[in-house]
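The values are calculated or read from the model by the stated rules, or taken from the named source; none is laboratory data. Note that the structure is a prediction, hence the values are computed from the model and not measured. Counting neighbours? That spans all protein chains shown, and the Cβs are built from the backbone with ideal geometry, glycine included.
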């Protein structure tokens with residue numbers, strides 16, 4: 001069978017460039033249509049484009065021509081449409097289209113027919129808006145702008161009455177102190193804005209620098225009330241830019257020299273701590289028993305009773321916990337003027353609750369929140385979606401819903417066209433709702449407003465932001481219609497001659513999907529997915545414009561026969577594996593016999609690898625032909641702490657039909673090690689080593705293992721058999737292939753397991769300036785050389801140090817520093833080097849002895865040969881230590897301290 005370009009070394013050599021541009025696309029070079037509405041799976045377009053094109057072209061396709069076809073020759077490829085000529089005869093299917101990244105790029109490549117669907121109703125709506133509706137072109141763009149203006153005008157009077165000329169408010173929760181009886185605001189941080197420019201990107205965070213805005217709130221006790229004053233340093237000093245050093249609780253202005261104290265927040269939920277601003281009483285608690293939580297639960301119970309007519313507004317305001325306004329603001333963008341709240345502002349806020357009673361409960365999102373950790377507010381009594389909003393927000397949201405439904409009747413055109421226009425208005429509404437709920441919070445160092453659901457967890461906010469829909473700030477209709485215009489212009493520009501078909505589903509899975517068989521199938525495979533739960537925040541509003549038959553998505557997606565949870569969603573690991581297996585069986589049915597399947601998989605844990613191979617190989621009988629790692633999401637905070645293998649990458653697996661025959665497991669391992677190590681030793685002569693290299697090699701190993709339907713000697717059944725395969729055969733085979741390949745490069749054989757682990761970690765995990773490498777447990781499992789080398793053994797032999805409270809693992813290596821003196825001191829920090837300096841040469845393994853030889857090579861190079869000869873007489877580890885030096889001197893990058901020290905050992909000892 002002909003091999004594909006995706007299997008070639010040429011494509012692998014392109015991956016770092018694709019990855020760099022994909023990462024840029026997730027940051028400053030984002031596609032404009034991403035701003036139309038938020039979704040949790042917005043993957044880079046260049047990644048999808050590259051893998052789709054490489055899956056349709058032959059292995060010997062010219063590299064430079066491929067770069068030009070997918071526009072990789074441009075700095076931001078997604079801004080340019082690719083060449084469609086090579087792809088016009090193929091049919092394509094993405095059965096989990098999600099936010100449309102993959103089918104959009106299939107359309108842009110000009111494939112003959114692009115078919116897609118999506119089981120999640122919210123995502124299905126967005127999918128049509130991104131892939132299908134742009135076919136209406138300029139008429140659609142013009143009508144969206146025309147009717148959009150009408151929509152804005154239709155709510156102007158209502159908004160004027162509700163917001164009284166203010167752009168918005170900052171608020172929080174207050175509770176009635178059980179000691180003094182006053183209502184005390186609870187605020188996590190008193191900061192409003194801390195926007196830095198000059199020395200870095202504006203909004204890059206606190207620290208020393210030049211600030212375009214520094215503003216915070218200051219609570220002052222005045223008789224029987226707490227007054228929230230605004231301290232605006234730029235305004236106070238009359239300067240557009242202020243040079244200052246800023247911390248969480250202090251601002252030191254340099255010119256003129258002046259110090260400002262920023263109050264400590266008076267609530268810390270994780271510590272069950274809240275302090276009354278009136279009397280200083282600390283309201284503490286343990287676990288679920290906490291007065292503050294009980295008070296806000298009471299508010300949510302009373303909120304429901306109030307709307308059902310059981311209690312009065314006065315009773316509602318008398319709840320032990322309740323929302324409270326802190327400050328108001330006017331202006332636009334981040335150029336905001338903050339002012340103190342007046343008595344009239346407070347009364348207007350509460351009058352809105354009385355107005356809300358005139359709206360029927362059926363118009364409000366009374367649907368239940370999922371009782372899982374996805375919505376952390378559930379434990380605070382927020383059991384129905386409308387409780388995420390105050391009265392003013394609910395009035396505006398329902399008014400917009402009503403006006404959108406009314407607009408449908410005035411739009412000229414056929415029903416599908418009307419639905420298209422209404423869909424874009426609904427997306428604007430949903431994006432506005434994202435920025436207007438109790439889940440929002442002040443983000444002082446960036447956009448000022450952090451939206452409600454962009455971060456998983458959705459916990460209580462102790463400084464939420466409420467905005468007028470007619471203001472000119474993030475999340476307002478004015479801003480959102482700007483985003484919609486730019487997004488639609490982008491999407492209309494992606495139209496090609498492709499026939500696009502977005503297929504509706506009768507239920508929330510793809511088993512009923514019936515289409516013609518396709519040449520290429522590519523999709524982002526869902527697994528234990530929380531998006532049906534998260535997107536119910538949108539769905540409960542969406543379904544009031546675009547009818548769907550489900551009460552909530554999470555109730556449809558959650559298995560009916562269990563309440564058990566896997567991670568954050570309802571269901572067991574076994575359940576999700578079987579569901580994925582059903583999906584792969586459907587893929588097999590819909591793919592032509594010579595077709596290709598490409599799966600993007602955003603997980604990289606061992607559980608995830610087992611699930612993927614169980615579904616794709618064990619159950620559906622696909623075979624793997626390649627595996628790659630590619631950026632599909634922004635770098636997480638955890639990835640800045642741990643250097644892991646593919647932590648923030650998606651695994652892209654390419655499959656073909658079909659696995660056949662059988663072979664002894666040990667024979668397959670030998671075949672894989674021999675073949676892959678030979679390939680690897682040649683490949684790394686032209687390709688840089690990185691964390692992604694592991695996945696490349698694993699892909700080669702998988703292509704050999706999975707070409708057989710049965711592996712004789714594999715223990716276990718079903719997913720347990722696959723877990724044994726992954727942990728004890730695939731991972732060790734991959735690491736052994738890498739080690740043998742490195743040995744071939746260095747002209748030496750590496751046999752010591754500790755040395756092998758050390759080498760693997762050094763070459764696959766990037767060095768850290770002035771520190772040692774830190775990895776996570778999943779990376780540790782991937783680097784298991786023998787299949788039985790566990791973290792306890794590595795810790796006991798002092799190859800690693802485990803910081804259990806911080807959940808990270810440090811490689812015991814010298815800190816990566818510059819300068820001879822610093823390098824010597826880095827080695828002297830290692831405990832066994834300290835012991836050796838005292839004449840105690842009790843090295844536990846070759847790695848420690850190697851470090852001592854490196855130390856001598858730096859400190860006293862003229863003594864190195866004598867020291868090595870002396871150690872040979874008392875230890876058998878010297879040979880393995882010299883093997884380490886030989887390999888690391890050959891394969892390490894120049895940015896690693898041990899590159900130079902290894903070369904010195906080889907130079908002085910002539911090894």
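Numbers below:
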| item | result |
| --- | --- |
| Filter result for residue 733 (part of a helix (DSSP H, G or I), modelled with pLDDT of 95 or more and crowded, with 20+ Cβ neighbours inside 10 Å) | yes |
| Residue tally, condition touching a strand residue (DSSP E or B) at 6+ places or on another chain (Cβ under 7 Å) and not in a helix (DSSP H, G or I), over the stretch 11-42 | 2 |
| Identity of the residue in the stretch 270-299, assigned to a helix (DSSP H, G or I) and at pLDDT below 95, that ends up surrounded by the most Cβ atoms within 10 Å (Cβ to Cβ) | 271 |
| Residue check, residue 189 modelled with pLDDT of 95 or more and either surrounded by 15 or more Cβ atoms within 10 Å (Cβ to Cβ) or within 27 Å of residue 341 (Cβ to Cβ) (or both) | yes |
| Residue list for the stretch 666-694, restricted to those being outside any loop (DSSP other than H, G, I, E, B) and either modelled with pLDDT under 90 or surrounded by 20 or more Cβ atoms within 10 Å (Cβ to Cβ) (or both) | 668, 669, 672, 673, 676, 677, 680, 691, 692, 693, 694 |
| Some residue of the stretch 573-595 being modelled with pLDDT under 95, in a loop (DSSP other than H, G, I, E, B) and within 25 Å of residue 617 (Cα to Cα) | no |
| So residue 377, is it part of a helix (DSSP H, G or I), modelled with pLDDT under 95 and closer than 23 Å to residue 475 by Cα | yes |
| Check on residue 540, farther than 22 Å from residue 42 by Cα, surrounded by 23 or more Cβ atoms within 10 Å (Cβ to Cβ) and in contact (Cβ under 8 Å) with a residue 60 or more places away in the chain | no |
| In the stretch 300-312, residue surrounded by the most Cβ atoms within 10 Å (Cβ to Cβ) [restricted to those that are in contact (Cβ under 8 Å) with a residue 40 or more places away in the chain and in contact with a helix residue (DSSP H, G or I) (Cβ under 8 Å, 6 or more places away or on another chain)] | 303 |
| For residue 171: the one exception among (1) in a loop (DSSP other than H, G, I, E, B); (2) closer than 30 Å to residue 240 by Cα | (1) |
| Selection count, the stretch 754-777, where residues are within 27 Å of the chain's Cα centre (by Cα) and either within 28 Å of residue 819 (Cβ to Cβ) or crowded, with 19+ Cβ neighbours inside 10 Å (or both) | 16 |
| The stretch 697-718, residues that are surrounded by fewer than 22 Cβ atoms within 10 Å (Cβ to Cβ), in contact (Cβ under 8 Å) with a residue 60 or more places away in the chain and either under 19 Å from residue 629 (Cα atoms) or touching a helix residue (DSSP H, G or I) at 6+ places or on another chain (Cβ under 7 Å) (or both) | 703 |
| Among the residues listed as 394, 470, 400, the single one being outside any strand (DSSP E or B), more than 25 Å from the chain's Cα centre (by Cα) and more than 21 Å from residue 149 (Cα to Cα) | 394 |
| Residue match in the stretch 417-433 (condition: within 23 Å of residue 168 (Cβ to Cβ), without any contact (Cβ under 8 Å) to a residue 60 or more places away in the chain and either in contact with a strand residue (DSSP E or B) (Cβ under 6 Å, 6 or more places away or on another chain) or not in a strand (DSSP E or B) (or both)) | yes |
| Residue ID - nearest to residue 98 (Cα to Cα), chosen from residues in the stretch 477-504 that are buried (at least 19 other Cβ atoms within 10 Å of the Cβ), in contact (Cβ under 8 Å) with a residue 24 or more places away in the chain and touching a strand residue (DSSP E or B) at 6+ places or on another chain (Cβ under 8 Å) | 502 |
| The stretch 246-269, subset within 34 Å of the chain's Cα centre (by Cα) and more than 20 Å from residue 462 (Cβ to Cβ), residue surrounded by the most Cβ atoms within 10 Å (Cβ to Cβ) | 246 |
